[in-house]
Amino acid sequence: MYGCWATSYIQLFEIIMGKTIKINILLCDTFPGLLPDFIPSYASMFFDLFNSVSDNVSFEVFPVMQSVWPTSIQRDQIYLITGCNRSVYEDEGWIVQLLQWIREAHAVRAKVIGICFGHQAIVQALGGKVERYSGGWGVGIRASQVTEDEFAHCLPDGQMRLLYNHHDQVTRLPEGATVLASSPFCRYEALRVGHNIYSFQGHPEYTPEYELHLLRLHADNEDPEVKRRATISIEQQTHQGAIIAAFLLEQLS
């Protein structure tokens, strides 16, 4: 449950959201072998997320890691860059091409969302910096402090709580970026560039069930204490992915 206020926010958003908006998913990974049987595909997690807050969204998926790209950049559509097991600073052909695509999208003020790897790719493409974080694995539900009034209207207690799964972090902002949320573990949890690019280090598309699946079955080489604390965080805190999805559609529609 999201609480009475959060539910009211999503319902109000649904009432005012009258037109269909297309989300083009720039798929950066399929996570082979990691998805449980109850999740058909990584892309389906985004379908479920946005469909949970609006009946007026359509989708098209572009597996950019296989060099399948949108033929053009449309300013009336949304482009969502997903998570990935790779790092944005790797010298891989499709990653280099993705960074160039982001710069082109930024130049025409396209509507772009970045999630985890996508968040970091936006920063890297626009002149910021991403590095391996010496503080370790970010996993579980983490609370961060909202730092901008525009963002605070959907999170009135001043806290954003999302599921996380990352080792890299943004360490330097690109020019023109505004921080939306910050935490002691990750200084740049959420950003916007202008009012057309929004990015989040966390995973609004994840579900607690999926994160627990990863912790139990696909984290053998990780610190047991980190996994224990992550499991407790999922049991005790509420993931706010649907609120973030509603906020993004509100801002970009």
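The values are calculated or read from the model by the stated rules, or taken from the named source; none is laboratory data. The model shown is predicted, which means the values in this text are computed figures rather than measured ones. Cβ atoms come from the backbone with ideal geometry, glycine included; neighbour counts cover every protein chain shown.
Overview of results
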item: Check on Leu180, closer than 30 Å to Ile21 by Cβ, buried (at least 22 other Cβ atoms within 10 Å of the Cβ) and either touching a Gly at 6+ places or on another chain (Cβ under 8 Å) or among the hydrophobic types (A, V, I, L, M, F, W, C) (or both); result: yes
item: Of the criteria (1) in contact (Cβ under 8 Å) with a residue 60 or more places away in the chain; (2) closer than 19 Å to Leu80 by Cα, which one Cys154 fails; result: (2)
item: Test: residue in segment 66-86 that is charged (D, E, K, R), touching a residue at least 60 places away in the same chain (Cβ under 8 Å) and in a loop (DSSP other than H, G, I, E, B); result: no
item: Subset of segment 121-144 (residues that are assigned to a loop (DSSP other than H, G, I, E, B) and either under 13 Å from Arg161 (Cα atoms) or of a type outside the set (Ser, Thr, Tyr) (or both)); result: Leu126, Gly127, Gly128, Gly135, Gly136, Trp137
item: Count - residues of segment 1-33 that are of a type outside the set (Ser, Thr, Tyr), surrounded by 12 or more Cβ atoms within 10 Å (Cβ to Cβ) and modelled with pLDDT of 95 or more; result: 9
item: Unmet requirement for Gly135, which otherwise passes all of (1) touching a residue at least 40 places away in the same chain (Cβ under 8 Å); (2) under 18 Å from Tyr79 (Cβ atoms); result: (2)
item: Boolean, Thr231 is touching a Gly at 6+ places or on another chain (Cβ under 9 Å), surrounded by fewer than 16 Cβ atoms within 10 Å (Cβ to Cβ) and β-branched (Val, Ile, Thr); result: no
item: Condition check for Arg109: among the charged types (D, E, K, R) and in a helix (DSSP H, G or I); result: no
item: Qualifying residue in segment 91-99 (condition: surrounded by fewer than 23 Cβ atoms within 10 Å (Cβ to Cβ), within 18 Å of the chain's Cα centre (by Cα) and either assigned to a strand (DSSP E or B) or not hydroxyl-bearing (Ser, Thr, Tyr) (or both)); result: yes
item: Of the criteria (1) surrounded by 20 or more Cβ atoms within 10 Å (Cβ to Cβ); (2) at pLDDT 95 or above; (3) farther than 21 Å from Val226 by Cβ, which one Cys186 fails; result: (3)
